[in-house]
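Presented below is the structure to which this report refers.
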Amino acid sequence: CCAMNRAIKTLSLIRVRFLDDFPRPRTALVLGMMLLYILATIMPVREYGLWAKCGVAPGVFAFMVDEQFCQMVFVGGAVVLFSGAPFRSGLDAYMLPRAGRRSMALGNCAYILIGAILYVAVLFGFTLTGLIGSLDIGDGWGKLLRSIGSGIVPDGYSSRFSVVPAIIFEYEAGYALGHALLLEALCIAFIGLSVYVGNRAFQKPVGLWLG
């Protein structure tokens, strides 16, 4: 009964966090910047696909998160997104006596975990959006990514991420993409929880104690 009550309180807190913290301007700012970055990053591959009349497989996202600079951009967006942890609001004075500190902490952690999953899902959605008109979802890695992985590219082709041939030849596209999405979500969740713990420990925003 006690565990059930705590779960109900935690779920209620998650709902409050999504209603209060998620709609804030920083969320729109981060997602807007990620959209522009992904569209610019995916453009060379998309243009190559249009030129070659070959679609780009969704598995291209696995190579984006494998690239160090792309990963830094995505992680940077997550740091800003979760910079408000522990997400204090005017409702905390009302919720704390009723939920208790443990349920509040569990709710904040669960909010970060769910937020990380949604963040990665949105990044993947932005990637698919950038490939509208040249998306190929029916042939695994697709001819285009196999060609790029083999070094068959037109003169002047330049991309911000590399298509690793070893991944293409050793793993199925769905398997690699699924693992990339899972690992990216876990990475973002770890970043969010680290920001949360750091903000609580130092009693100041991440930008101050990290610097």
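Of all residues being open to solvent by 10 Å² or more (accessible area, probe 1.4 Å) and either among the aliphatic types (A, V, I, L, M) or touching a Phe, Trp or Tyr at 6+ places or on another chain (Cβ under 6 Å) (or both) in the range 14-33, which is farthest from Ala121 (Cα to Cα)? Just the residue, please.
Here the answer is Val16.
Pairs under 6 Å by beta carbon, first residue within 14 Å of Phe63 (Cβ to Cβ) in the range 152-180, partner surrounded by 12 or more Cβ atoms within 10 Å (Cβ to Cβ) and of a type in the set (Ser, Thr, Tyr), six or more apart or different chains?
Arg160/Thr41
Return the residues of the range 13-40 that are touching a Ser or Thr at 6+ places or on another chain (Cβ under 9 Å) and at pLDDT 90 or above; say none if nothing qualifies. Quick ask: steps written out before the conclusion?
Going residue by residue through the range 13-40, those that are touching a Ser or Thr at 6+ places or on another chain (Cβ under 9 Å) are 13, 16-17, 20-21, 26, 35, 38-39.
Passing the criteria: Leu35, Ile38, Leu39.
In the range 133-163, what residues are open to solvent by less than 50 Å² (accessible area, probe 1.4 Å) and among the hydroxyl-bearing types (Ser, Thr, Tyr)?
Selection gives Ser134, Ser147, Ser159.
Pairs please, first residue from the range 137-151 and closer than 17 Å to Gly178 by Cα, second anywhere and in a helix (DSSP H, G or I), Cβ atoms under 6 Å, 6+ apart in sequence or on different chains.
The qualifying pairs are Gly140/Ala173; Trp141/Ile168; Trp141/Ala173.
I'd like to check which helices (runs of 4 or more DSSP H) are fully inside the range 71-171 and have at least 1 residues that are modelled with pLDDT of 85 or more.
Values: elements: 92-99, 101-130, 142-149, 165-170.
Fully inside the range 71-171 and qualifying: 101-130, 142-149, 165-170.
The values are calculated or read from the model by the stated rules, or taken from the named source; none is laboratory data. Since this is a predicted model, take the numbers as computed values, not measurements. Glycine also receives a Cβ, built like all others from the backbone with ideal geometry; neighbour counts cover every protein chain displayed. We work out accessible area using only protein heavy atoms, side chains counted, and drop any ligands, DNA or RNA first. Shrake-Rupley method; radii C 1.70, N 1.55, O 1.52, S 1.80 Å.
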